[in-house]
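So the structure is just underneath, and the comments pick up after that.
The values are calculated or read from the model by the stated rules, or taken from the named source; none is laboratory data. It should be emphasised that the depicted structure is a prediction, and the values quoted were computed from it without experimental measurement. For neighbour counting, all protein chains shown are included, and Cβ atoms are generated from backbone atoms with ideal geometry for every residue, glycine included. SASA here: full protein model, heavy atoms, side chains in, ligands and nucleic acids out. Shrake-Rupley method; radii C 1.70, N 1.55, O 1.52, S 1.80 Å.
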Amino acid sequence: RKEVEQDPGPFNVPEGATVAFNCTYSNSASQSFFWYRQDCRKEPKLLMSVYSSGNEDGRFTAQLNRASQYISLLIRDSKLSDSATYLCVVNSNTGNQFYFGTGTSLTVIP
Amino acid sequence: NAGVMQNPRHLVRRRGQEARLRCSPMKGHSHVYWYRQLPEEGLKFMVYLQKENIIDESGMPKERFSAEFPKEGPSILRIQQVVRGDSAAYFCASSPSRQNEEPQHFGDGTRLSIL
């Protein structure tokens, strides 16, 4: 079983739509969770950390469900500039590694 | 630019040559991570280093690959006797501490092409 699994998509949504991504992780001892975005052929960029109580940053909301071992990302009022691949990241039980999901592709359509 | 600096951005090598990829972490960061990304795939952890120490190299192939992070200078990922399968984007990331709740900041990556 992979450490982190994501639905690869693609998700094609119209501008203004709300879209949600889920990610599951296998290691119940994981403590740190992040969402990154990666544009085509560019480096991953931190979008937001995911906290136990859930957190929001503008149009983006992240949730953590430890019991079911998944994290989610909700994007409201999608913009064209949101088009990217969204990577779910979870730390290893040793703390030495971060495991990246293969990413979920989002295209926002005018 | 105080971000993670990687060079070269693009590197072309012939089979059997050596490739050296360099990474200077963000100012104040002493922890460096190397990842490899194949086309249409996710990032795969290779190695985690702190100044002068390899902390975890469990993701690095046992042969031909090595990494270092000297006291002075950038971290180096070295690939000897490159093969076609080494063609990939290699990303370096840094963080300020070993605390794993700190997010990593990535460099622009080095695109390695093997002819």
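Solvent-accessible surface (1.4 Å probe) assigned to A:Cys88 amounts to roughly 0 Å². For the listed residue pairs B:Lys27/B:Lys51; A:Lys45/B:Lys62; A:Lys42/B:Lys44; A:Lys42/B:Lys51, the alpha carbons are over 19 angstrom apart in A:Lys45/B:Lys62; A:Lys42/B:Lys51. Proximity of backbone amide H atoms, modeled 1.01 Å from N, is registered between B:Ala88 and B:Leu112 at under 5 Å, excluding neighbours fewer than 5 places apart on the same chain.
One compactness figure for the stretch A:26-110 is 1.11, namely its Cα radius of gyration divided by 2.2 N^0.38 Å. Using the Karplus relation 6.51 cos²θ - 1.76 cosθ + 1.60 with θ = phi - 60°, the per-residue 3J(HN,Hα) values for the stretch B:104-115 come to 9, 10, 9, x, 6, x, 10, 8, 9, 10, 10, 8 Hz, with x marking Gly and Pro. If you take the Cα centroid of the stretch B:41-96 and the Cα centroid of the stretch A:32-110, the two points sit 24 Å apart. Between B:Gly16, B:Gly59, B:Gly42, the Gaussian network model of chain B with springs among Cα atoms under 10 angstrom shows the greatest mean-square fluctuation at B:Gly42. Rolling a 1.4 Å probe over the heavy atoms of the protein chains gives chain B an accessible area of 51 Å² per residue.
Normalised by the number of residues in chain A, the average gap of Cα pairs under 8 Å and 6 or more apart makes the relative contact order 37 percent. Simple point charges give the picture: +1 on the Cβ of Lys and Arg, -1 on the Cβ of Asp and Glu, and for chain B a dipole about the Cα centre of about 500 debye. For chain A, the solvent-accessible area works out to 47 Å² per residue, with a probe of 1.4 Å and every protein chain left in place. Taken over the alpha carbons of the protein assembly as shown as equal point scatterers, the Debye sum produces base-10 log I(q)/I(0) values at 0.08, 0.14, 0.15, 0.16 Å⁻¹ of -0.29, -0.88, -0.99, -1.11.
Direction-averaged shadow area of the convex hull around the Cα atoms of chain B, nm²? Display every interim value, and only then the final one.
Numbers: hull surface 27.6 nm².
Computing the convex hull of the Cα atoms and averaging its projections yields 6.9 nm².
Can you compute the charge dipole magnitude of chain A about its Cα centre, using +1 on each Lys and Arg Cβ and -1 on each Asp and Glu Cβ, nothing else charged? Give it in debye, rounded to the nearest 20. Walk me through the intermediate numbers first.
On the way: 10 positive and 10 negative charges, 32 e Å.
Dipole of chain A, to the nearest 20 debye: 160 debye.
Each residue of the stretch B:35-45 was assigned a 3J(HN,Hα) from its phi angle through the Karplus curve 6.51 cos²θ - 1.76 cosθ + 1.60 (θ = phi - 60°); the sequence is 10, 10, 10, 7, x, 6, 10, x, 6, 10, 4 Hz, with glycine and proline shown as x. Amide H contacts of A:Gln97 (H built 1.01 Å from N, in plane; Pro and chain starts excluded): A:Ser92 sit under 5 Å, all sequence-distant by 5 or more or on other chains. Taking every C-alpha pair closer than 8 Å and separated by at least 6 residues, the mean separation divided by the residue count of the stretch B:76-115 gives a relative contact order of 49 percent. Projected over every direction and averaged, the convex hull enclosing the alpha-carbon atoms of the stretch B:54-100 yields 4.3 nm².
With pairing defined as another cysteine C-beta under 4.7 Å, the cysteines of the protein assembly as shown that fail it are A:Cys40.
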